[in-house]
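Here is the structure we will look at.
The values are calculated or read from the model by the stated rules, or taken from the named source; none is laboratory data. In this text, all values refer to a predicted model and were calculated from it rather than measured experimentally. Calculation scope for accessible area: heavy atoms of the full protein, side chains included, ligands and nucleic acids excluded. Shrake-Rupley method; radii C 1.70, N 1.55, O 1.52, S 1.80 Å.
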Amino acid sequence: SIFPSEISTKMFTNGQLQAIVRDITERKRAEAERAQLLKVLESSLNEIYIFDAETLRFQYVNQGALRNLGYTREAMSGMTPLNLKPEFDEVSFRNLLVPLLSRERKQLIFQTVHRRADASFYPVEVHLQLVERDGAQVFVAIILDITERRQSEVALKKLSSAVEQTAD
């Protein structure tokens, strides 16, 4: 049977050549799965972030986040969630993370606003969890832009108010 393989050779002092052939089918499969997963993450319209639990610095930011925010990947590499969330300072944000770090909660879901590179704001819903990655703790955040939801809520309130006034 033909399988993906890797060949390494070694020349001994007596002139003999040794070749070792390894089946790397599983490694190739894992690499393909990882590439597919990265493609899915990158193409998501939702913002997806991975940031360090200690420094809070972003380790990964997907294309959806870059499009929504207007920052470059290079600019984001030097940032933390605090650069995006004006209502939090470092103390209040770290306090928010305590239930995840203490394993009291598996996930936090909350609403806040994000600040774009052009200084405009938009409402978001944050889904945040703590995971282990390469022996370190990182946070994974999936962010939903809830601008349309908020606009619908405002329109519904106006309609409800108009109906109440008509009934009077």
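If the segment from Arg29 to Leu101 were pulled out straight at 0.36 nm per residue, it would be longer than the present Cα-Cα gap by 22.6 nm.
Can you pick out the pairs among Lys39/Lys157; Lys106/Lys158; Lys85/Lys106; Lys28/Lys106 whose Cα atoms lie more than 29 Å from each other? Correct reply: Lys39/Lys157; Lys106/Lys158; Lys28/Lys106.
Ranking Lys158, Lys106 by solvent-accessible area of protein heavy atoms (1.4 Å probe, all protein chains present), from largest to smallest, gives Lys106, Lys158. Here the Gaussian network model covers the chain, with springs between Cα atoms less than 10 Å apart; of Phe93, Phe139, Phe58, Phe93 fluctuates the most.
In the chain, the longest principal axis of the Cα atoms and the axis of helix 90-101 are about 60 degrees apart.
Springs join every pair of Cα atoms under 10 Å in this Gaussian network model of the chain, and among Val113, Val131, Val21 the largest mean-square fluctuation is at Val21.
Across Ile109, Ile48, Ile20, mean-square fluctuation computed from a Gaussian network of the chain (C-alpha pairs under 10 Å connected) peaks at Ile20.
With bins 5 Å wide beginning at 0, the percent of Cα pairs of the chain falling in each bin runs 1, 7, 12, 15, 13, 10, 8, 7, 7, 6, 5, 3, 2, 1, 1, 1, 0, 0, 0, 0, 0.
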